[in-house]
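*Asks:* The structure under discussion is supplied below as structure tokens; questions concerning it will follow.
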Amino acid sequence: MIEIEQISKTFGTLQALDKVSMTIGNGEIVGLLGLNGAGKSTLMRLIYGLLNPDSGQIHIDGVHVQKQPEKARSLLGVLPDNAGLYKRLTARENIAYFARLQGMSEWDIQVNTDELIDILGMESIAERHADGFSLGERMKTALARAIVHRPGHILLDEPTNGLDVITTRAVRALLRQQKAEGRSVLFSSHLMYEVENLCDRVLVIAGGRLVAGGSVEDVIAAAGCASLEDAFVSLSQKEGIA
Amino acid sequence: MIWNKLSAVWRKELRDAVRDKRAMKLAFLPPVYMVVFFALGIGLAIHFQNPEERDIELAVAGQDEALTAWLVENRISIKEAPSDPYAAIEAGELDYALVLASEPVPPGSKEPRTATLVYNASNQKVHGAVGEVRSLLYRYNAVEAAVNILARGLSPKLVNPIAVREANVASEQQMGGLILGGVPLLLLMCAMMGSVGFAADMTAGERERKSLESLLLNPVPSFVLIVGKWLAAVALTLAVISLCQLLLFIALYFLPFNEIGLRVSVGLYAMVGIFVALVPVAFIAAALQLALGILSRSFKDAQTYMGFLIILPMVPFFVIVTNPGLYESWHLWVPLLGHQTVLKNLLLGEAIPLMAYPAFWLSALPVSALALWLAARQIRRAKVIYG
């Protein structure tokens with residue numbers, strides 16, 4: 001379980017996050033919706049501990065992220081936006097390197113890597129150097145690298161951005177499988193159909209504040225709109241004007 | 001656990017580096033061309049030092065067959081002097097000339113003759129040749145006098161009460177030192193530059209290709225990442241130093257030092273000694289490269305900042321070269337400064353100060369540790385990750 005309590009963060013004079021609280025339970029997929037600059041990436045970075053909050057605290061399965069950052073990180077699988085690969089390593093070597101840094105045994109690395117390569121359909125690129133990978137191939141490798149240690153919680157920053165339909169489906173299938181295995185998934189997006197398709201719950205963030213949360217139907221009802229897109233636009237703009 | 005992660009970082013960085021053609025060229029080509037240029041330079045120096053090789057062309061006015069024949073015998077080539085040799089030398093058209101009696105010497109004449117050596121002393125390049133001709137003239141004088149004395153039944157020793165001999169007190173080693181003075185600089189530059197390209201890729205390269213954030217998401221302390229990268233950079237630097245030393249070993253073996261009467265033999269033992277002295281330099285170099293690299297946004301930035309590391313060994317080099325004999329025992333404790341003296345001694349097969357190795361190693365550790373600590377502190381700063 002990821003518990004976020006009253007998190008605030010400012011950059012200079014910009015209030016990026018303002019007293020945001022939320023809980024993400026095991027076995028659920030939560031979509032984080034927000035316009036560009038709404039604070040999605042900042043919230044993600046605070047959860048995985050590469051940024052420190054000005055106030056508030058975050059616990060992952062009871063582990064305080066700021067006080068025990070390494071323990072917290074071992075519980076997370078993170079795909080940041082723009083995750084760069086090592087171009088002179090093969091896809092398999094890229095995955096194995098991070099698995100070793102997670103402290104996995106060579107046997108487990110082999111088994112888990114093979115499984116992920118199979119699920120994501122990466123057989124043709126597994127032994128190729130990452131230099132020259134397409135966007136989709138890079139994304140699949142980075143995703144496999146992020147979750148090779150079977151973390152309890154998965155954070156994905158706009159994972160399907162710019163992917164073709166086949167790759168998007170592979171990613172979706174993978175996320176559903178993770179959920180079925182009892183893991184929680186938090187992913188940020190600004191693609192409505194992606195969120196509607198996949199999420200148990202939606203959180204809408206605007207101007208650094210959490211403006212709505214609940215099932216897709218709840219959010220639509222709360223905004224008094226006909227579709228999630230209308231609800232999202234209405235909620236985001238309301239916050240912008242206020 | 002920590003060791004496994006350290007070894008994972010180390011192995012990954014080495015694998016990545018060996019596959020990086022650009023950085024491999026940047027690391028392993030400079031020793032090759034530095035040693036080649038060094039060997040060419042020393043080869044030419046030997047060529048010009050060697051008196052056997054010198055070609056003296058002497059312009060002669062007037063006639064003295066016996067004397068000119070003696071000069072030719074002593075490998076001086078004779079040519080006809082212009083009609084007014086004094087004016088020609090003054091005008092700089094001719095470097096030097098020998099003016100003899102205008103009339104041929106009648107055979108059997110015992111009258112003293114005059115030979116005038118004409119040259120412009122302000123012309124630096126004539127001194128060697130003029131000195132050579134002058135000493136030949138004196139020797140001719142002595143030979144002819146001895147023959148004349150002998151013809152009168154007296155001992156030739158009578159005309160040479162003082163036998164002049166020259167003894168150059170510079171030992172072979174000292175002369176060799178003069179010629180090999182640049183070798184420590186060459187070795188230190190190899191050590192300082194060896195892993196510049198690799199270190200830039202491990203730090204600024206991570207930032208440039210946006211892999212740093214993902215790397216830091218793993219449960220690995222910053223110092224493990226930095227030390228793993230550092231060990232890889234040190235290993236690569238040691239490989240570059242080994243190549244540099246191997247090439248030098250070959251060059252020193254084949255250069256014809258014996259032609260100028262020098263005996264330069266740098267044995268395997270000295271080479272091992274030099275390597276052990278250079279290991280701490282590799283420690284410092286790799287640590288400074290990583291500390292500078294992590295502050296750089298891009299690979300190119302990093303290379304610019306690291307350029308100054310190449311200048312570092314030149315400072316003590318010029319201090320020592322312009323003040324030979326300046327050596328003090330505290331020099332050993334200043335990284336790169338003591339190396340100039342100690343490496344030169346090792347090359348010449350001379351004894352080195354007892355404290356040299358402990359001083360090199362002990363002084364390198366705090367400098368390297370400080371640079372690594374700075375790098376490890378920087379790597380998790382939001383400005384470095386996201387800036």
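Read the figures in this text as sums done on the coordinates, not as results from a lab. Model, not experiment: these values are computed from the prediction. Glycine also receives a Cβ, built like all others from the backbone with ideal geometry; neighbour counts cover every protein chain displayed.
*Asks:* Report, to the nearest 10°, how far helix A:165-180 tilts away from the longest principal axis of the Cα atoms in chain A, using its own Cα long axis and a range of 0 to 90°.
*Replies:* 80
*Asks:* Considering chain B as a Gaussian network with a 10 Å cut-off on Cα pairs, which listed residue, B:31, B:107, B:366, attains the greatest mean-square fluctuation?
*Replies:* B:107
*Asks:* Suppose every Lys and Arg Cβ carries +1 and every Asp and Glu Cβ carries -1, with no other charges. What dipole size does the range B:54-159 come out with about its Cα centre, to the nearest 20 debye?
*Replies:* About 600 debye.
*Asks:* Just the number, please: percent antiparallel of the DSSP beta bridges in the protein assembly as shown, rounded to the nearest 5.
*Replies:* Bridges in the protein assembly as shown that DSSP calls antiparallel: roughly 50 percent.
*Asks:* Another question, then. Running a GNM on chain B with Cα contacts under 10 Å, which residue among B:162, B:226, B:320 ends up with the highest mean-square fluctuation?
*Replies:* B:162
*Asks:* What is the gain in length, in nm to one decimal, between residue B:115 and residue B:66 on full extension, counting 0.36 nm per residue of separation less the C-alpha to C-alpha distance?
*Replies:* 16.4 nm
*Asks:* Return the percentage of antiparallel bridges among DSSP beta bridges fully within the range B:54-159, rounded to the nearest 5 %.
*Replies:* 35
*Asks:* What is the distance in Å between the Cα centroid of the range A:180-242 and that of the range A:31-101?
*Replies:* The distance from the Cα centre of the range A:180-242 to that of the range A:31-101 comes to 22 Å.
*Asks:* Identify, among B:60, B:115, B:159, the residue whose Cα sits farthest towards the positive end of the charge dipole of the range B:54-159, taking +1 on the Cβ of Lys and Arg and -1 on the Cβ of Asp and Glu, with the dipole about the Cα centre.
*Replies:* Most positive-ward Cα: B:159.
*Asks:* Next question, about the same structure. Calculate for chain A the 222 nm mean residue ellipticity that helices alone would give, adding -39,500 (n - 2.57) per DSSP H run of length 4 or more and normalising by residue count, nearest 500 deg cm²/dmol.
*Replies:* Taking each H run of at least 4 residues, the total per residue is -12000 deg cm²/dmol.
*Asks:* Taking N as the number of residues in the range B:54-159, what value does Rg over Cα atoms divided by 2.2 N^0.38 Å take?
*Replies:* So the range B:54-159 has a normalised radius of gyration of 1.16.
*Asks:* What percent do you get for the relative contact order of chain B when only Cα pairs under 8 Å and 6+ apart count?
*Replies:* Once divided by the residue count of chain B, the mean separation gives 20 percent.
*Asks:* List the extent of the Cα atoms of the range A:67-119 along each of their three principal axes, largest first, rounded to whole Å.
*Replies:* Cα extents, longest axis first: 35, 28, 21 Å.
*Asks:* List the relative contact order of the range B:189-250 as a percent without decimals, with contacts defined as Cα pairs under 8 Å and 6+ residues apart.
*Replies:* 64
*Asks:* Another question, if that's okay. Where does the longest stretch of chain A lie that holds no GluC sites (Glu not before Pro) found in a DSSP loop with 12 or fewer other Cβ atoms within 10 Å?
*Replies:* Of all site-free stretches, the longest is A:1-122.
*Asks:* Counting Lys and Arg as +1 and Asp and Glu as -1, each charge on the Cβ, what is the dipole of chain B about the Cα centre in debye, to the nearest 20?
*Replies:* Dipole of chain B, to the nearest 20 debye: 2640 debye.
*Asks:* Positive end of the charge dipole of the protein assembly as shown (Lys, Arg +1 and Asp, Glu -1 on Cβ, about the Cα centre): tell me which of B:87, B:216, A:53 has its Cα farthest that way.
*Replies:* The residue sitting farthest along the positive end of the dipole is A:53.
*Asks:* As I understand it, the value is the acute angle between the Cα axis of helix A:135-147 and the longest principal axis of the Cα atoms of chain A; what does it come to in degrees, rounded to 10?
*Replies:* Rounded to the nearest ten degrees, it is 90.
*Asks:* Could you give the semi-axes, largest first, of the ellipsoid that matches chain B, computed as the square roots of 5 times the alpha carbon gyration tensor eigenvalues and rounded to whole Å?
*Replies:* Values for chain B, descending: 65, 22, 16 Å.
*Asks:* After finding the eigenvalues of the alpha carbon gyration tensor for the range A:83-150, what semi-axes result from the square roots of 5 times each, listed largest first in whole Å?
*Replies:* After scaling each eigenvalue by five and taking roots: 18, 12, 10 Å.
*Asks:* Along its principal axes, what span do the Cα atoms of chain A show, with the longest given first and each in whole Å?
*Replies:* Principal-axis extents of chain A (Cα, largest first): 53, 40, 33 Å.
*Asks:* Also, quick follow-up: Provide the percentage of antiparallel DSSP beta bridges, counting only those with both residues in chain B; round to the nearest 5.
*Replies:* 35
*Asks:* Also, I was wondering about something else. Send over the semi-axes of the protein assembly as shown's equivalent ellipsoid, whole angstrom and largest first, taken as the square roots of 5 times the C-alpha gyration tensor eigenvalues.
*Replies:* After scaling each eigenvalue by five and taking roots: 82, 24, 21 Å.
*Asks:* Here's another thing I want to ask about it. Helix A:106-119: angle to the longest alpha-carbon principal axis of chain A, degrees 0 to 90, nearest 10?
*Replies:* 70
*Asks:* Which longest run of chain B has no exposed loop site in it, a site being trypsin sites (Lys or Arg not before Pro) in a DSSP loop with at most 14 other beta carbons within 10 Å, and the site itself not part of the run?
*Replies:* B:166-262
*Asks:* Could you list, in their original order, any pairs among B:25/B:383; A:67/B:210; B:5/B:344 whose Cα atoms are separated by more than 29 Å?
*Replies:* Long pairs (Cα-Cα over 29 Å): B:25/B:383; B:5/B:344.
*Asks:* How big is the range A:43-137 by the Kirkwood estimate over distinct Cα pairs, in Å?
*Replies:* Here the Kirkwood hydrodynamic radius works out to 15.2 Å.
*Asks:* Going by amide H atoms built from the backbone, whose H comes under 5 Å of the H on residue A:211, apart from near neighbours?
*Replies:* Here A:204, A:205, A:206 satisfy the definition.
*Asks:* Right, next: Quick one: which residues, 5+ away or cross-chain, put their amide H under 5 Å from the amide H of residue B:181? H built at 1.01 Å from N.
*Replies:* HN-HN under 5 Å from residue B:181: empty list.
*Asks:* If you rank B:201, A:131, A:230 by fewest surrounding Cβ atoms within 10 Å, what's the result?
*Replies:* Ascending Cβ contact count within 10 Å gives the list A:131, A:230, B:201.
*Asks:* Right, another one. Based only on Cα atoms, what mean projected area does the convex hull of the range B:272-387 have, in nm²?
*Replies:* 8.0
*Asks:* With an 8 Å cut-off on Cα pairs and a minimum separation of 6 or more residues, tell me the relative contact order of the range A:83-150 in percent.
*Replies:* 53
*Asks:* Also, quick follow-up: Could you tell me what fraction of 2.2 N^0.38 Å the Cα radius of gyration of the range B:180-313 comes to, as a two-decimal ratio?
*Replies:* Taking N as the residue count of the range B:180-313, the ratio is 1.28.
*Asks:* Follow-up question, since we're still on this one. For the range B:154-165, in order, what is each residue's ³J(HN,Hα) by Karplus, 6.51 cos²θ - 1.76 cosθ + 1.60 with θ = phi - 60°, in whole Hz (x at glycine and Pro)?
*Replies:* 10, 7, x, 4, 4, 8, 10, x, 10, 8, 8, 10
*Asks:* Treating only the Cβ of Lys, Arg, Asp and Glu as charged (+1, +1, -1, -1), what charge dipole size does the protein assembly as shown show about its Cα centre? Round to the nearest 20 debye.
*Replies:* It works out to roughly 1340 debye.
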